[in-house]
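Report on the following structure.
The values are calculated or read from the model by the stated rules, or taken from the named source; none is laboratory data. Note that the coordinates shown come from a computational prediction; the quantities given were computed from them, not determined experimentally. Every residue, glycine as well, gets a Cβ built from its backbone with ideal geometry; the counts of neighbours run over all protein chains shown.
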């Protein structure tokens, strides 16, 4: 293998003949090349390449979750892959700065050659949304037609099949439900937690009631505030209230999964809970980063097209804006924060439980 | 001056004795130091330092705008200062990543020592909002009480005075109104522009009407879309429609300023319009970056506190979420994009006008 | 055109069939898929796509520079394209964070399938270096063989031809030489500047000599320092010294171009010099960003391969490290800073010259 | 506590009266305010605030390392704090973009008021370097005088004391030496590793020797390359060679610590090694980020001052450039990558060892 041979290798290995010959400007064939069209094509191609990578990572994480027995090694691997996906998302958000160097006037030089809704049609991004767990009925409708109809043949089939399969959301939920620490020996987490919360709320009310620094009005305000917060706690004290909230579409995560997520967040410093905690953080992070990407996307469209109406009868900006919040999937995991109590109220683990959550190795 | 003396100089010059002795942890005096409280204090202090710098830059830009005659040198200076402010905003958004390393559990270790609404009380940030042009009646209400009441004495006075003074918004608007290119000699921009828009819309309709590739349904859809867009154009064809839209609170920027901004965006490549164009971009950029900071702020609060209700009777997260869109100020400048037409329809400038917009220097 | 048709359009337009079918893992055909190889391929492909975009922008800037008469509109366009290139470079540096999620152990799963120097073989990046102005004799040698031999046929030919053509460096230099402001009417910039520098240096020495705060030792130290700096100024007072410095390889930029760059930096606030100033900044910025990318690349290789020796007989890390400084091209433009004097010493422009540098338009 | 009281609270809590009243411009008292001086002061103050935070985190990590018995909880806490420090470093690098908006001409408006070496005098940054483990004899000399002399009194004392104490480097080294997995029951890691490396090298040579694709020249080249790499492996096969390399200043990390770091990198997927692996990564990351900050600092100084000579008799740029590489501390941890072998050669752990490295909890 000479240097020459290995050089061919690099170009072949990356299939650069395909990759670098896939930019055919429509403006070229028509009234004159629009210099900026190259950027439009290339940045979309990099987005698609990164989407492929994200699907590769999320897909592999889902495979690992589906194995009969998830051992701790796999959780470590999933954490690392989620971390990678989040770093990719950081790049995807950041590189919007490049696209924003293309101004409205530049874009209009070739926009009329493109179909009016081109930005909405990434098959891979739709796949990603569905794989993560976005259900069609939760999806913001665009122009009245079901989004599947953007695609046909195999591509449509693939999306429909994914809708039927276990999503990443479901697999995380099932994994949380499988975690066996909610009721260990004599330590009933739910009961201990309920007791601690009540203690905390009572103490807070007592302080407010006896404080000489507060006006009567302020006293009332603060007590009302505590009562408002209580309803979030009650949802986890009573599985039935939780279930009702699910039925009413307020929340989505099952009761057991919620309790496990809460336990992991509260006792994250126990060795066996380190990685599960990192995993939960990375999932919320992904949800937030996708939302952030959508949000910045809205801003870019605003600068590029303003309020221009698309074929859906509303502006692309308006459609995208709706999805920022509506397409979030893991809000329930972020909202575990609502249920957190400070370490000073946290029920202490008995030593035998602590041992169980630790490592085998004896120093 | 020995090395020693100059060393003292550095520490004195930056007044590090004050700066580095201004972190007194409340958790220190009470039940035990919360390690994470240091981060909470220090990051807020860096935010306040950067707010001071932003006020310094925006204030100086406003001074330059208020000079009787703004010569082109000053626009160049304002552009550079706005660019700096935007780079600061990038840092302010980015450094939320640091604060997010403080988790809910960490925060709860000392949160009870703080007053419940502490995050909302930056006097400098309120000042900035008011200076930029946020009016009290446009401000999202929090817990029913006017936001001024967060402050007292001089600090309250200062905010109330700023509300009465010319804002950055007003100064940009006035500068746009002063720009003398809307009606130059024989070139009446508004008329030429209206003609070009009508030509464009007619051509678009003609293409759709005769296209054999479109179904009847699609044809209708697309024509309706064009008609929807027309209303934005009509607003600038007829000053009265524009005025009505202002009265109804749909838009805020005056008719003349809007037309100047449009002209600058369309003819930005003429030498004399380069810097004005950069200035308009930077103003929209600032608006977007502040919105982005608010957006990421919401996400951080979600992870830290979830839905916890504050004294205002709603969660901090909810309040902040409302301000992301509602406190935007320069949407009308971003939405100039709605009115843009492609270069192929752009009325050509007569040579004598082009000369007028060029440099004196003759090569 | 139905929604379906337009959907096909998006996929066709971006040629996603090619782009997304260009990832063939070598580990796949052999002992078992290495999960991480996908990332390795995809990130290199995104780099190559971005290199294509950078070549597109730099190439177009070079075309504009080569036009007989560069009018100011073109400088504005070049500034915008350079700004885009710099934003792309920011992404290229930033996305190394993604590659760094692939660890040494992961990489070794498939590295043995690749040729040992694969990272050095981007034809496009070599082209970019040559286009910008990197000469073969300035290039850091790797393993003794001329780098052209990495390529063959057309690809080698293309590089050799580029070496013979005008580079971006040369075109910027020629543009600077063409700028006609060095000797305007009665204002001889070089003489005025020399006088101002001497005035400044004398004043500095006078202050030091009479200061009662300085020890004798410190006085000497400071005077020596001023004398050391004087040599940089003398180089521009006397064209012959400058020429000698070029011959000795200390600097590369011609005398006339250097003086124009200095004038632009000193009088950047004059309207006609705004864009030239932005252009010079953006060129230095590009040089710095490429250096930063090389620097971070070294760090990544260190983490991935440590000191592992490649076929060239030295480690890849070591080779890359040498290029960080050695392949910089626009150091002379950055070093204009050495020659700057403060506004208080700056020779004032006569009013007629100021007018010449201003806009035609009379308010 | 009324809203008013709580408002006072925020301002008091953050001591904003001190923080926001610590910007006294020297140019103010003299020939006229230099607008840009504010930025110079404020950005340095934010750097100092962040240095304080970094010292807080590194100091606390060192305390945790010094506890008699480091249990796994503490390693988790250290990992999180290192992660925070690295995010702070990312901000410190990124915010140089803000400082770079201040150009040479702007800086010269007030630079003469400052002492010539002011940028080198951050006491906190010197403390950080010493705490991390930078020894005075490894420090790049500046202008001949020991750097301690920049400081006096308590500040000098503090630095000298830190030089005598355990550094972060030493504590990481000791922790690695304490890790008890190098020789577990029947599994002698060093022997097994040596055997695996030899197997790998022999196989590589065999493939090259019998390959019909290679020219004789290439065959020789590749075999020489393998032999060059062998010397790195031999250093860890034989403790005496390693010791000699330490004596000669080629490496710094002790033999036992090196072997532990290698084991952690190779078997990072075992549950008990997850966090130690993350810790090692984060330490290398910190080293790289500090180097990156120095590197970007050099670029900023180049743009601001070019080659201007300082009192030390060399340019500040030159001094800083030397520290980029020379002040790195954890190169030996990064270079563990040199010693890595692929999973296919990795000695398999016996099941009883695997159990020992796992969790107590039995599913």
**Asked** in a loop (DSSP other than H, G, I, E, B), surrounded by fewer than 20 Cβ atoms within 10 Å (Cβ to Cβ) and more than 14 Å from every other protein chain (Cβ to nearest Cβ) - does that describe any residue in segment D:154-163?
**Response** no
**Request:** Considering each residue of segment B:275-328, count those that are farther than 19 Å from residue B:101 by Cα and touching a residue at least 40 places away in the same chain (Cβ under 8 Å), and give that number.
**Result:** 27
**Asked** Is it the case that residue C:288 is part of a helix (DSSP H, G or I) and more than 12 Å from chain D (Cβ to nearest Cβ)?
**Response** no
**Request:** Return the total of residues in segment D:246-255 being within 19 Å of residue D:176 (Cα to Cα) and in a helix (DSSP H, G or I).
**Result:** 2
**Every residue from segment A:64-81 that is at the interface with chain C (Cβ under 10 Å from one of its Cβ atoms) and modelled with pLDDT of 95 or more** = A:80, A:81
**Prompt:** Restricting attention to segment D:194-204, does a residue exist that is under 30 Å from residue A:274 (Cβ atoms) and either surrounded by fewer than 18 Cβ atoms within 10 Å (Cβ to Cβ) or at pLDDT 95 or above (or both)?
**Reply:** yes
**Subset of segment C:100-123 (residues that are under 25 Å from the mean Cα position of the chain (by Cα) and modelled with pLDDT of 95 or more)** = C:100
**Message:** Being assigned to a loop (DSSP other than H, G, I, E, B), at pLDDT below 90 and surrounded by fewer than 20 Cβ atoms within 10 Å (Cβ to Cβ): is that true of residue A:361 here?
**Reply:** yes
**Item:** So residue C:333, is it in contact (Cβ under 8 Å) with a residue 12 or more places away in the chain, within 16 Å of the chain's Cα centre (by Cα), surrounded by 21 or more Cβ atoms within 10 Å (Cβ to Cβ) and not in a loop (DSSP other than H, G, I, E, B)
**Value:** yes
**Prompt:** Do the conditions hold for residue B:354, that is, is it within 8 Å of chain A (Cβ to nearest Cβ) and farther than 27 Å from residue B:130 by Cβ?
**Reply:** no
**Top-ranked residue in segment C:199-233 [being in a loop (DSSP other than H, G, I, E, B) and either touching a strand residue (DSSP E or B) at 6+ places or on another chain (Cβ under 6 Å) or within 12 Å of chain D (Cβ to nearest Cβ) (or both); ranked as farthest from residue D:306 (Cα to Cα)]** = C:213
**Message:** Looking at D:307, D:317, can you tell me which residue is crowded, with 20+ Cβ neighbours inside 10 Å, modelled with pLDDT under 90 and touching a strand residue (DSSP E or B) at 6+ places or on another chain (Cβ under 9 Å)?
**Reply:** D:307
